[in-house]
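Remarks on the structure that follows.
The values are calculated or read from the model by the stated rules, or taken from the named source; none is laboratory data. Bear in mind that the values here come from a model prediction, so they are computed numbers and not experimental data. Neighbour counts run over all protein chains shown; Cβ positions are idealised from the backbone, glycine included.
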Amino acid sequence: MLNESNGQDLIEAFFAALELRNLDECEAVLAQLESLSRRLPAYVPWCSYFGGILINEQRRDWAEAERIFDRLLKSDLDQPLRGRVLLALGRTYDYQGRWAEAIQAYERSLPIFAELAQPVDQAKVWKQIAIAYNNGFTRGDFGPQALQQAIAYCRLALGALEPVTASPRDIALLKGSVWNTMGLIHRNLGQWNEAISCYQQDLAICSSLDERFGMGLSYGNLGEVYQKRGNWPQALEAYQQALTIIREFDDRYEEAEALANLAFLHQEMREYKRALDYYGQAIDLIEGLRAGVSAEEARVGFFATVVDTYANMVLLCLETGDHERAFDTMERARSRAFLDLLAAGSLDLPHEMGATTMTLAEVQAALPDDALLLEYFTTGLVEAPDYRTAAPPGVQRHRFPPARTLIFAVTRDEVQVQDTRLSPNDLLPRRLDSVVERHFLEPQIRRTLYDRLIAPIAGLWQGRQRLYLVPHGPLHYIPFQALVAPNGETFLREGAPALVYAPSATILFRDASRQTGPPLGTCMAIGYNDPEGVRLCFAEEEARSVAQLTGGTALVGPSPKKATLYSQAGNCRLLHFSCHGEFDPQAPLASALHLAPGEALTALDVIEHLHLCCDLVTLSACESGLSRVRRGDELIGLIRAFMHAGAPALVSTLWRVDERSTLILMERFYREIQAGVSLAQALKRAQLYLKNLTRQEALAILTHLPNDRVGTSSAEEDEERIFADPYYWAPFVLVGGRESGTLRG
């Protein structure tokens with residue numbers, strides 16, 4: 001038992017136990033330090049810091065750890081502790097797959113350690129920066145140039161450690177981990193001999209110090225190199241040794257990696273039964289870990305680090321002809337995290353929480369006879385901006401799946417799977433801003449996408465009343481209704497099915513029953529013209545018109561609206577926003593609707609403050625339907641926020657919309673709804689109405705409004721269909737579940 005009166009001894013004991021991954025000992029030391037901190041408050045920040053580390057390493061609840069470290073950094077810390085907290089925060093970002101943020105946190109700690117003349121801590125930071133660059137490349141977020149940067153940081157770390165003589169065991173372990181990191185980088189560069197040499201350096205150090213966990217990691221890494229060189233027996237032996245050792249430490253994250261490696265090797269060896277078994281074990285572990293990640297951002301980032309396991313299993317199931325298991329795995333890949341959030345109704349999930357995804361049989365049983373479900377699935381998406389740049393010879397990503405775009409077409413009686421032979425990397429927009437639509441609205445691109453994404457299953461959707469679309473990856477940015485058939489007609493046309501979008505089949509058909517509550521009001525329509533920037537002229541008029549059509553209430557003008565929204569939205573059947581919307585691709589939860597001067601409703605606000613019991617939310621605002629698409633398809637943005645808040649169906653936009661055409665479309669949409677038409681058919685009819693509207697008819701609607709900008713025309717121009725271009729009608733999409741039919745009576 002350590003002497004509680006010596007806090008510094010306890011701090012050093014914690015780090016020593018952490019280095020050996022003796023987390024039970026870490027907990028015991030922390031308990032002693034917490035007892036001491038009741039008498040000596042100076043140790044309170046150290047207790048919080050150690051608590052965050054244990055949450056990272058034991059519970060893998062990286063969102064909670066991030067909150068702890070953020071709070072500490074906002075307090076008055078001494079420099080040594082501030083540097084350590086920044087290092088811990090960087091590792092937390094790294095766990096979540098937020099590589100750029102991790103590197104920024106690490107770099108903030110470097111001047112502190114330099115000022116304190118702590119070369120060992122500087123070496124730790126340089127090693128972590130190298131890991132972040134390498135991981136970012138491996139997961140497709142960074143280009144090949146990141147590997148050279150990572151090598152440089154490893155050399156800095158080794159150089160800083162060379163003259164250090166104190167704590168020889170600790171320094172040796174740190175050197176070993178740097179050698180291991182450098183081996184990973186050489187592996188990705190295709191430099192096999194150099195990689196093996198680095199791993200063997202680490203393995204020798206770990207063996208001499210009996211550091212079993214480090215040995216397990218090195219064996220796993222050696223297996224990857226042996227596999228790349230085609231030496232399967234050596235790879236198999238190394239992977240099995242890695243799995244055996246890692247299981248001694250109950251580290252489920254590294255165990256999932258080891259299982260995925262074994263699955264990938266057996267897949268390459270064409271031993272498919274064993275491969276599927278290992279993939280299944282890895283996915284079970286992954287999903288257990290995901291249930292302990294509490295925040296939306298954390299889930300997305302973590303999922304990006306394991307998405308290849310799902311993708312490889314889907315592809316292997318298809319290769320073996322097991323379409324049912326492929327579909328079930330695809331649903332698990334895209335649904336699980338969001339389902340957990342919906343089930344919990346909170347950002348903070350109990351660790352035992354685990355929602356169930358639907359199987360193919362259950363989806364088919366729920367699918368109406370007159371509907372077809374199209375689920376798309378993409379693999380091999382590279383998010384790095386320079387993904388088109390040719391990589392140096394030999395550079396590759398381990399376990400990275402081939403670039404594919406698949407179609408799962410599901411009816412009540414059958415499932416067909418088509419490979420579109422389209423790379424998702426060719427569809428990824430270079431920028432997520434108002435120019436997105438200009439790429440996908442090029443006529444030739446719309447023709448090509450129709451042939452690849454719609455035509456292969458034309459025999460199944462013809463004659464159907466509804467087409468449920470579940471996009472994936474970059475396909476979320478595509479306006480399917482604007483795709484052009486060989487005869488020149490758009491997919492939105494008379495006789496074609498109405499379109500309903502959804503994040504997954506499970507979300508589409510989830511139980512939409514609502515708790516009994518107060519009688520629902522009719523509609524709350526919020527409008528704001530926002531004179532700052534590009535001034536809107538018709539947004540407030542649109543809100544008044546919607547409120548009048550639905551017998552609801554309009555909140556317009558510059559007065560604050562969030563307080564009223566928070567207190568009354570839960571009693572509304574319809575919720576309508578007509579205002580400026582803004583999508584933030586770097587911080588998607590900061591995407592916002594501008595309600596009044598200086599008042600914005602962010603996606604995070606929606607998640608934290610709105611509890612809806614409505615039938616429909618309409619986001620008649622620019623870019624309200626855009627979400628940040630990450631590998632793995634965990635979307636973040638306003639749509640997910642409102643679905644989390646309880647909205648079963650939403651109408652939103654894919655790009656910056658024209659407010660004149662929007663007002664006309666929305667008025668028509670709500671008239672159709674009031675007439676008892678289903679939401680999907682109402683939107684389709686409103687889009688067709690707008691598409692076919694003549695200039696003369698548009699003038700008759702708009703000339704009574706102030707600041708009319710339609711303009712006058714000659715007689716011969718009166719019959720021109722001024723909103724026929726899909727730019728005006730194609731951005732509007734209905735996202736919703738099975739209940740997005742007629743409104744409740």
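When you go through (1) crowded, with 24+ Cβ neighbours inside 10 Å; (2) touching a Lys or Arg at 6+ places or on another chain (Cβ under 7 Å) one by one for L259, which number turns out not to apply?
Result: L259 passes all but (2).
Can you tell me which of (1) within 19 Å of A647 (Cα to Cα); (2) surrounded by fewer than 16 Cβ atoms within 10 Å (Cβ to Cβ) is the one C572 doesn't meet?
All conditions pass for C572, except number (2).
Please identify the pairs in which a residue from the stretch 599-622 that is within 25 Å of F538 (Cα to Cα) has its Cβ atom under 6 Å from the Cβ atom of a residue that is among the hydroxyl-bearing types (S, T, Y), counting only partners at least 6 apart or on another chain.
Note: pairs meeting the criteria are A603/S591; L619/S652; S620/S578; S620/T662.
Identify, from the list L315, L360, the residue that is within 24 Å of T138 (Cβ to Cβ) and at pLDDT 95 or above.
Details: L360 fails: within 24 Å of T138 (Cβ to Cβ).
Going through L315, L360 in turn, just one is within 24 Å of T138 (Cβ to Cβ) and at pLDDT 95 or above: L315.
Based on this model, can you work out whether E582 counts as among the acidic types (D, E) and under 26 Å from the mean Cα position of the chain (by Cα)?
Considered against the rule, which asks whether it is among the acidic types (D, E) and under 26 Å from the mean Cα position of the chain (by Cα), E582 comes out as yes.
Which one of the conditions (1) under 29 Å from L381 (Cα atoms); (2) at pLDDT 95 or above does G136 fail to meet, given that it meets all the rest?
(2)
Are any residues in the stretch 475-490 over 14 Å from I445 (Cα atoms) and in contact (Cβ under 8 Å) with a residue 12 or more places away in the chain, and if so, which ones?
H476
Using the structure shown, decide if D511 is of a type in the set (D, E, K, R), at pLDDT below 90, part of a loop (DSSP other than H, G, I, E, B) and in contact with a His (Cβ under 9 Å, 6 or more places away or on another chain).
Taking the combined requirement at face value, the residue does not satisfy it.
Tally time: how many residues in the stretch 26-35 are within 22 Å of F213 (Cβ to Cβ) and free of Cβ contacts under 8 Å to residues at least 12 places away in the same chain?
1
Here's a check for you: in the stretch 272-303, which residue that is modelled with pLDDT under 75 and of a type in the set (V, I, T) is nearest to R98 (Cα to Cα)?
Per the stated criteria, the residue is V300.
Take M666 and tell me if it is in a helix (DSSP H, G or I) and modelled with pLDDT under 90. Spell out the reasoning first.
Numbers: in a helix (DSSP H, G or I): yes; modelled with pLDDT under 90: no.
For M666, the condition - in a helix (DSSP H, G or I) and modelled with pLDDT under 90 - is not met.
Residues in the stretch 623-636: is at least one within 17 Å of the chain's Cα centre (by Cα), modelled with pLDDT of 75 or more and aliphatic (A, V, I, L, M)?
The answer is no, given that none of the residues of the stretch 623-636 is within 17 Å of the chain's Cα centre (by Cα), modelled with pLDDT of 75 or more and aliphatic (A, V, I, L, M).
Suppose we filter the stretch 34-63 for residues that are at pLDDT below 90 and surrounded by 20 or more Cβ atoms within 10 Å (Cβ to Cβ); how many remain?
5
Going by the conditions given, is A13 assigned to a helix (DSSP H, G or I), touching a residue at least 60 places away in the same chain (Cβ under 8 Å) and not acidic (D, E)? Write out each step before concluding.
Details: assigned to a helix (DSSP H, G or I): yes; touching a residue at least 60 places away in the same chain (Cβ under 8 Å): no; not acidic (D, E): yes.
Against the criterion (assigned to a helix (DSSP H, G or I), touching a residue at least 60 places away in the same chain (Cβ under 8 Å) and not acidic (D, E)), A13 does not qualify.
Run down G214, G280, G223 and say which single residue is closer than 27 Å to N22 by Cα and surrounded by fewer than 24 Cβ atoms within 10 Å (Cβ to Cβ). Write out each step before concluding.
On the way: G280 fails: closer than 27 Å to N22 by Cα; G223 fails: surrounded by fewer than 24 Cβ atoms within 10 Å (Cβ to Cβ).
Only one candidate passes the filter, namely G214.
Considering only residues that are hydroxyl-bearing (S, T, Y) and outside any helix (DSSP H, G or I), look in the stretch 162-187 and name the one that is surrounded by the most Cβ atoms within 10 Å (Cβ to Cβ). Quick ask: steps written out before the conclusion?
Applying the first criterion (hydroxyl-bearing (S, T, Y)) to the stretch 162-187 yields 165, 167, 177, 181.
The next check asks that each one be outside any helix (DSSP H, G or I); those that pass are 165, 167.
Values: T165: 6, S167: 12.
Across the stretch 162-187, the extreme among qualifying residues is S167.
Please tell me if D24 is under 23 Å from S177 (Cα atoms) and out of contact with any Asp or Glu (no Cβ under 7 Å at 6 or more places or on another chain).
Yes; evaluated as a whole, the condition is true for this residue.
Taking the stretch 588-607 as the search range and keeping residues that are of a type in the set (A, V, I, L, M) and in a strand (DSSP E or B), which one is surrounded by the fewest Cβ atoms within 10 Å (Cβ to Cβ)?
A600
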